[in-house]
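Below is one structure, written out as structure tokens, with a few remarks after it.
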Amino acid sequence: MKHILLILAAMTQVLTACGQNPKKEMKTLVAYFSATGTTEAVAKDLAAVTGGTLYEIKPEVTYTAADLDWRNKESRSSVEMQDKSSRPAIVRDLKEADSYDRIFIGFPVWWYTAPTIINTFIEAYGFAGKTVIFFATSGGSTIDKANKDFAAAYPKINWKAGKTLNGFSKTDIKAWADKLK
Ligand SMILES: Cc1cc2nc3c(=O)[nH]c(=O)nc-3n(C[C@H](O)[C@H](O)[C@H](O)COP(=O)(O)O)c2cc1C
């Protein structure tokens, strides 16, 4: 009888512990590439409203104003964007990349899509099975082509449709991010 009571007591403890099992906190990363600071400002707001870790995707070689001249077919950005296989080198210093459940990736729209440095970043860390959401700033183009291009190129990622966040207030950004939980 004593044994049965002990077993029952142990079982009750186990069941109680199971019931109390707290939901694991979702960990968010806000990674961004920004050549002239516009996307960086949005990324900072997004990290603030989501409680995410802010991380800058840094090119090994910084883009100069001449590199960014889209009118010049020979400029670095033009050459990179004309070659879909270009992978501009990045500084690989993202810690515990695998620990994030939700990863926002921000960039300026270049030639209607994401700069190829975003391919470098994704290929460096993989993010298979993770939820990835793009955000961008632009001179007016949408992010739709980037959403489509990358979902097709990296099918192991759980993509959620991204958005251009030009002119979004912190409140607007929070409302958008809250829908993506
Ligand atoms: C090389 C290059 C290509 C661009 N291509 C586009 C484009 O196709 N559509 C668009 O709306 N804006 C385009 N832009 C404008 C940027 O997307 C916009 O200025 C962005 O907010 C800059 O962000 P950043 O300051 O974070 O670099 C381009 C800018 C550069 C430098």
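The values are calculated or read from the model by the stated rules, or taken from the named source; none is laboratory data. Since the model is a prediction, treat every value here as computed from it, not as a measurement. Note that each Cβ is placed from the backbone with ideal geometry, even for glycine, and that neighbours are counted across all protein chains shown.
Below is a table of values for the structure above.
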item	result
Count of the stretch 133-162 residues which are within 16 Å of the ligand (Cβ to nearest atom), in contact with a helix residue (DSSP H, G or I) (Cβ under 9 Å, 6 or more places away or on another chain) and farther than 18 Å from residue 70 by Cβ	4
Those residues of the stretch 138-164 which are touching a Gly at 6+ places or on another chain (Cβ under 8 Å) and either crowded, with 21+ Cβ neighbours inside 10 Å or closer than 20 Å to residue 57 by Cα (or both), in sequence order	143, 146, 147, 157
Any pair with Cβ under 6 angstrom, 6 or more apart, that starts in the stretch 16-32 at a residue that is within 30 Å of residue 58 (Cα to Cα) and ends at one that is at pLDDT 70 or above and of a type in the set (Asp, Glu)	26/101; 27/101
Unmet requirement for residue 168, which otherwise passes all of (1) hydrophobic (A, V, I, L, M, F, W, C); (2) closer than 21 Å to residue 37 by Cβ; (3) within 13 Å of the ligand (Cβ to nearest atom); (4) outside any loop (DSSP other than H, G, I, E, B)	(4)
Among (1) over 29 Å from residue 99 (Cα atoms); (2) free of Cβ contacts under 8 Å to residues at least 40 places away in the same chain, the one test that residue 56 misses	(1)
Those residues of the stretch 146-160 which are within 19 Å of residue 42 (Cβ to Cβ) and either part of a helix (DSSP H, G or I) or of a type in the set (Phe, Trp, Tyr) (or both), in sequence order	146, 147, 150
Count of residues meeting criterion [within 16 Å of the ligand (Cβ to nearest atom) and at positive phi] in the stretch 23-65	1
Yes/no for residue 138 being free of Cβ contacts under 8 Å to residues at least 40 places away in the same chain, of a type in the set (Gly, Ala, Ser) and touching a Pro at 6+ places or on another chain (Cβ under 9 Å)	yes
Tally of residues being within 11 Å of the ligand (Cβ to nearest atom), under 25 Å from residue 46 (Cβ atoms) and of a type outside the set (A, V, I, L, M, F, W, C) across the stretch 66-110	3
Some residue of the stretch 99-111 being in contact with a helix residue (DSSP H, G or I) (Cβ under 8 Å, 6 or more places away or on another chain) and on the phi > 0 side of the Ramachandran plot	yes
Residue list for the stretch 62-107, restricted to those being under 19 Å from residue 133 (Cα atoms) and in contact with a Pro (Cβ under 7 Å, 6 or more places away or on another chain)	107
Cβ pairs under 8 Å, 6+ apart, first in the stretch 153-180 and of a type in the set (Asp, Glu), second modelled with pLDDT of 95 or more	172/165
